[in-house]
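Report on the following structure.
Where a number appears in this text, it was derived from the coordinates with a stated rule and is not lab data. Here the structure is a predicted model, which means the values were calculated and not measured. Here the Cβ positions follow ideal geometry from the backbone for every residue, glycine too, while neighbour counts run over all protein chains shown.
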Ligand code: TXA
Ligand code: MG
């Protein structure tokens, strides 16, 4: 059920229910971190494997500090500059955070969302809320309350209404390992906040840090090859090809795909494909990010067999690379 009553949402959360929560990036499926059954309900509702850790949402830096044993100068500066906002910092976890939330890792992802309804809910509950994106595991993320409702039709979930998400792709996930002399940073998931913006700010503040590009797979278990998949196959077309040729190649190659990769079911029709819809995005990457998931869902409903996205030379730069991180994972094929 979609509603706008924060009190009802808070009551449901207190009863151990999961609740749909708007944020500026995508909608989340929230539960209180102090109710273990509610946290388990997130995994069950999303059909998410327990190896993929959850992000914890807070309303203040004071509340964030209760979740971590590490709050050095770099962490503090990043929180001051980018919170509330689409930056998740992965920090050493405190004992307030259960192993189920972090999938057994010694770190926890923390973020303060910049959405008035999310902040109001967080303040009302006054307990941090774990919230992954409110979609079934491996599927397209939701950017409207309606999307969440469609995703969880069979479940009776209260979804807080909060208009369409302004940013449209998930937060930047930044691993922060700080000691008194230095901070090692790694981008685990690209997002609206760019590495160049983080660098620029920390340099301005004259803080010591270095960006590491190689990340141990164990530190980022949710980094999978496929994710965000629409209900029909998405095909990214890299080079100039005629439509009949695209259909022919897709028919050939879809049959060769595995059924499942890293627990994510690959979207592929059983009986061949004939026609496709085109996914068109704005040439401005900020607008394209906002449109991405909503359009991926709507073109999948146009009645064709698959979706084509044409990659072109203008899709360059840091902002587009966050969008292509999503598109490449959502695609069944790249040709
Ligand atoms: O914008 C967002 O971040 C949205 C909204 C709802 O806040 N949330 C979101 O959550 O995208 P989710 O669960 O769909 O994606 C979180 C990502 C996953 O890839 C997960 O593996 C990673 O963050 N993550 C969470 N905690 C982590 C940790 N302790 N170490 C490494 N990666 C972590
Ligand atoms: Mg997600």
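Here are a few things to note about the model shown:
- Remark: the residue 256-residue 274 segment gains 4.8 nm on full extension, using 0.36 nm per residue and subtracting the alpha carbon distance.
- For residue 242 and residue 314, a Förster radius of 25 Å and the Cβ-Cβ distance give a FRET efficiency of 0.70, rounded to the nearest 0.05.
- Folded to 0 to 90 degrees: helix 36-46 orientation relative to the chain principal axis, Cα: 10 degrees
- Cα pair distances exceeding 19 angstrom across the range 1-152, given as percent: 49 percent
- Label-point separation in nm, residue 62 to residue 126, each point 7 Å along Cα→Cβ: 1.0 nm
- Its DSSP H runs of at least 4 residues, each contributing -39,500 (n - 2.57), put the calculated 222 nm mean residue ellipticity of the chain at -9500 deg cm²/dmol, to the nearest 500.
- Spread of Cα-to-Cα distances over 10 Å intervals beginning at zero, given as percent, for the range 31-112: 18, 52, 26, 4
- Acute angle (nearest 10 degrees) that the helix 318-330 long axis makes with the longest principal axis of the chain, alpha-carbon atoms: 60 degrees
- Stretched out straight at 0.36 nm per residue, the stretch from residue 188 to residue 217 would grow longer than its current Cα-Cα span by 9.4 nm.
- Reducing the range 226-273 and the range 15-69 to their Cα centroids gives an inter-centroid distance of 33 Å.
- Where both bridge residues fall in the chain, DSSP classifies roughly 50% of the beta bridges as antiparallel.
- GNM result for the chain, Cα springs below 10 Å: residue of 311, 214, 139 fluctuating most strongly: 214
- With both labels modelled 7 Å from their Cα along Cα-to-Cβ, the residue 298 to residue 2 distance reads 1.4 nm.
- Percent of alpha-carbon pairs separated by more than 18 Å within the range 181-335: 64 percent
- Angle in degrees between helix 73-82 and the longest Cα principal axis of the chain, rounded to the nearest 10: 60 degrees
- All C-alpha pair distances within the range 171-214, sorted into 10 Å bins from zero, spread as 28, 59, 13 percent across the bins.
- Taking the chain as a Gaussian network of alpha-carbon nodes connected by springs under 10 Å, the highest mean-square fluctuation of the residues 254, 29, 122 belongs to 254.
- Note on the chain: the C-alpha convex hull projects to 16.5 nm² when averaged across all orientations.
- Antiparallel bridges, percent of DSSP beta bridges restricted to the range 164-319 (to nearest 5): 50 percent
- Relative exposure of 250, 260, judged by other C-beta atoms within 10 Å (fewest first): 260, 250
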